[in-house]
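Read through the structure below, which is laid out as structure tokens, and then see the notes.
Nothing in this text is a laboratory measurement; each read-out follows from the coordinates by a stated rule. Everything numeric here is computed off the predicted structure, so don't read it as measured data. Note: ideal-geometry Cβ built from the backbone for every residue, glycine included; neighbour counts use all protein chains shown.
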2 protein chains.
Amino acid sequence: MDNYLSMQPRPEENTSAVEGPVLIIGAGLLGASVGLALRAQGVPVYLSDVSPTVEAVAQDIGAGLSLRALAAAAGSSTVDAAALLPAEPQLVVAAPPPDVTAEVVIDQLRAWPTATVIDIASVKAPILSQVLASGADASRYVGTHPMAGREKSGPVAASGELFTSRPFVICEHELARKDSVKLAQTLGVELGSTITYLTVEEHDRTVALISHVPQVMSSLLASRLQETPLYALGLAGQGLRDTVRIAGSDPSLWVQILAANAQPVVQTLYGVREDLERLIATLEDPTAAGARLDIAQLMSEGNAGVARIPGKHGGAPAAFAHMTVLVDDTPGQIARLLTEIGELGVNLEDLRMEHSPGQPVGMVEIAVNPNEHDKLKADLTSAGWKVVR
Amino acid sequence: MDNYLSMQPRPEENTSAVEGPVLIIGAGLLGASVGLALRAQGVPVYLSDVSPTVEAVAQDIGAGLSLRALAAAAGSSTVDAAALLPAEPQLVVAAPPPDVTAEVVIDQLRAWPTATVIDIASVKAPILSQVLASGADASRYVGTHPMAGREKSGPVAASGELFTSRPFVICEHELARKDSVKLAQTLGVELGSTITYLTVEEHDRTVALISHVPQVMSSLLASRLQETPLYALGLAGQGLRDTVRIAGSDPSLWVQILAANAQPVVQTLYGVREDLERLIATLEDPTAAGARLDIAQLMSEGNAGVARIPGKHGGAPAAFAHMTVLVDDTPGQIARLLTEIGELGVNLEDLRMEHSPGQPVGMVEIAVNPNEHDKLKADLTSAGWKVVR
């Protein structure tokens with residue numbers, strides 16, 4: 001413990017534009033990852049979590065100093081952040097479960113007279129409303145959403161690079177102080193993220209469309225598989241696997257997210273319901289006049305929607321040319337393939353493995369620029385690879 | 001032309017268990033791919049397509065001999081398959097668009113007194129009904145479904161390896177002759193596929209669940225993106241991309257498939273609608289008693305469904321451990337990473353690239369056996385890779 005404390009950097013070792021101290025409330029996956037990223041740059045970070053275990057694990061992985069541990073080292077039976085921190089925090093990061101985020105933000109605004117308080121919850125409007133209604137000093141509050149996550153949770157899964165190259169949305173509001181907004185931006189930059197400014201309403205409608213409704217659709221579909229005979233699932237291809245992948249997400253977290261963003265989600269689901277009703281009516285009598293046109297229209301609208309998503313280099317996904325290569329299902333085969341592609345000077349736009357039920361052979365689907373496709377296919381084939389489609 | 005004809009193998013050069021001749025009606029992606037696979041083994045293959053261009057292209061890529069070209073070479077103004085083939089076909093493969101498949105099967109059963117006629121359409125019950133109702137010799141008909149496809153269509157996209165390691169479903173029926181069923185099985189084996197026997201009803205319910213309803217859900221979701229501002233789509237992550245990927249499929253083909261399999265699809269969509277209605281009602285009043293339990297139940301049912309899909313080596317996807325590694329977005333980087341993983345003796349269970357909006361850095365998500373995860377992560381990190389999550 002003493003050793004660990006003595007490892008805390010002296011202030012001059014802080015290489016970050018965030019001065020600190022930073023107090024993180026909630027030391028799960030996201031909170032601990034923020035702590036790790038800041039500690040790596042020497043920012044003094046303090047951790048608090050309702051769970052003593054989570055708080056202790058977060059300290060053990062190096063995400064900051066546990067307030068409970070500091071209190072115990074000082075022989076104190078209570079944990080008083082104001083007494084334990086060397087100074088008032090420059091920044092408080094509220095990272096508890098979504099359904100208590102507003103409460104934590106309000107408490108922290110009241111606890112400190114000058115600290116900027118941000119939260120990192122994935123739904124923003126309800127938190128801002130509660131903060132504004134509370135009478136606490138909302139000028140020091142800024143909502144943010146670092147758009148990163150993973151299947152796992154808890155500090156053990158944390159990483160200082162979790163937010164690298166991911167969007168970091170900042171939701172200003174009319175009362176927000178400029179220096180608080182600026183500090184939120186500095187944090188996003190230090191996390192290696194790409195900063196985007198949205199209003200809370202824009203943000204919540206956006207995540208409803210690009211995250212919450214996709215989650216609902218994936219879960220609705222996956223739910224149907226409960227009744228499916230296993231022989232049928234054995235025939236499943238990559239299309240089904242991709243479509244239901246996110247249905248494996250944590251229900252307890254999603255209950256909080258969907259409940260918090262209910263209005264924007266339900267508005268989009270009304271549109272889904274309307275299209276679904278029309279499709280069901282059409283499929284109940286597929287020989288009726290206009291039925292096929294109805295189906296074609298739904299499919300074409302799907303084409304139009306998916307074509308609007310930017311690709312890795314900003315192009316639409318349809319702009320890439322695909323090929324599939326057979327590889328033995330042994331270590332190193334895919335590496336050998338990609339080494340040869342790299343030696344040919346071709347940059348992969350996308351790459352995915354396809355699963356083959358029942359056979360010890362893998363397939364790697366590669367997306368490249370269309371003008372590189374034919375030559376690459378010929379080169380790989382003459383190098384002995386089986387390019388199958 | 002003469003050169004090409006002289007390249008036709010002599011009978012003793014046929015290394016396949018399919019003797020032939022094989023007549024393929026419909027020389028698009030699937031028909032031409034069957035032709036290529038059989039030609040590669042020396043089976044005599046003849047091609048017919050309503051489109052002269054498609055038929056000519058299929059011959060040019062080596063999928064078989066065009067009946068039109070043979071007729072022209074013989075100075076005939078009409079195309080009479082019986083006169084052009086050296087003998088009655090052992091096997092006729094009906095591979096036209098889905099909505100004319102039954103018609104082609106019936107015509108071919110009537111055209112030849114002993115040939116086995118199979119079709120490869122992706123919906124099976126309506127075709128069998130029409131064949132049985134036609135009065136044609138249904139004992140020589142066997143429905144099959146080689147479960148392969150790709151985004152592209154037409155013979156240019158064909159490959160003799162299209163069906164390798166993919167399921168090949170054979171739908172026997174009560175009247176089917178044993179030798180015809182056996183021939184369908186031989187074809188599936190020669191295509192390199194994994195054979196599965198289902199009734200037409202089992203097959204159609206299966207594809208409704210694992211292919212047609214996923215397609216509908218993906219299209220319904222992607223359709224909502226039409227209204228999404230572009231800044232919102234710029235924030236989209238891998239979850240959205242995976243969920244809407246198949247929404248890019250060809251509407252004209254899917255109109256035929258959904259119309260043909262309307263009943264099994266609509267039965268499953270009733271279940272989706274019921275869950276969607278319940279979720280909408282819940283989200284309209286997320287503070288009502290039991291609302292959160294309702295949402296949790298939907299999400300948990302999704303968990304349960306997705307967990308039933310077998311993984312690459314037969315395990316459920318949840319059984320794998322994931323990690324994400326940062327790579328420079330330059331040729332050869334991913335290869336270098338996978339080379340090192342291969343040298344460590346670790347077999348990849350899955351691999352996907354993640355797209356990072358706006359930054360020249362790629363992320364590769366790797367799935368491995370859980371007992372290999374921690375060592376691999378440590379080894380890669382000490383080799384200088386950034387393992388970010």
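Overview of results
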item: Closest Cβ on chain B to the rotation axis that carries it onto A (distance rounded to whole Å); result: B:242, 2
item: The range B:83-94 - phi-based ³J(HN,Hα) in whole Hz, Karplus 6.51/-1.76/1.60, Gly and Pro as x; result: 7, 8, 6, x, 7, 4, x, 5, 9, 10, 9, 8
item: Position residue A:281, label points 7 Å along Cα→Cβ, spacing to each other copy in nm (shortest first, one decimal); result: 2.2
item: Scattering profile of the protein assembly as shown at q = 0.07 Å⁻¹ [log10 I(q)/I(0), Debye over alpha-carbon scatterers]; result: -0.57
item: Listed peptides A:117-129, B:23-35 by packing density, highest first (mean Cβ within 10 Å); result: B:23-35, A:117-129
item: With 10 Å bins from 0: P(r) over the range A:206-282, alpha-carbon pairs, percent; result: 16, 42, 33, 9
item: Sequence-separation-based contact order of the range B:206-307, relative, with Cα cut under 8 Å and 6+ spacing, percent; result: 30 percent
item: At 7 Å out from Cα toward Cβ: residue B:72 inter-copy label distances (nm, ascending); result: 8.7
item: Debye, to nearest 20: dipole size of the protein assembly as shown, +1 on Lys, Arg Cβ, -1 on Asp, Glu Cβ; result: 280 debye
item: Helix A:262-284 axis, angle to chain A major axis (alpha carbon atoms, nearest 10°); result: 10 degrees
item: Normalised alpha carbon radius of gyration of chain A [divisor 2.2 N^0.38 Å]; result: 1.19
item: DSSP-defined antiparallel bridges as percent of all bridges, chain A, nearest 5; result: 50 percent
item: Selection from B:176, B:165, B:334 lying farthest towards where the dipole of chain B points positive, charges on Cβ; result: B:334
item: Shielding by other protein chains, B:288-298, mean Cβ within 10 Å; result: 4
item: Dipole of the protein assembly as shown [Lys/Arg +1, Asp/Glu -1 at C-beta], most positive-end residue of B:189, A:244, B:133; result: B:189
item: CD proxy at 222 nm, helix term only [per DSSP H run n ≥ 4: -39500 (n - 2.57); per residue of chain A; nearest 500]; result: -13000 deg cm²/dmol
item: Farthest toward positive dipole pole in the protein assembly as shown [+1 Lys/Arg, -1 Asp/Glu at C-beta], among A:325, B:207, A:53; result: A:325
item: Cα-based helix-to-principal-axis angle, A:251-260 vs chain A, degrees rounded to 10; result: 80 degrees
item: Reachable aspartates and glutamates from residue A:377, criterion Cα separation under 16 angstrom, eight or more residues apart if same chain; result: A:340, A:343, A:349, A:350, A:365, B:161
item: Over the range B:241-295, equivalent-ellipsoid semi-axes from the Cα gyration tensor in Å; result: 32, 15, 7
item: Normalised contact order of chain A, rounded percent, pairs of Cα under 8 Å and 6 or more residues apart; result: 11 percent
item: Whole-number percent relative contact order across the range A:2-198, with pairs defined as alpha carbons under 8 Å at least 6 apart; result: 22 percent
item: Chain B, dipole about Cα centre (Lys/Arg Cβ +1, Asp/Glu Cβ -1), debye to the nearest 20; result: 300 debye
item: Beta bridges by DSSP in the range A:2-198, antiparallel share as percent, to the nearest 5; result: 15 percent
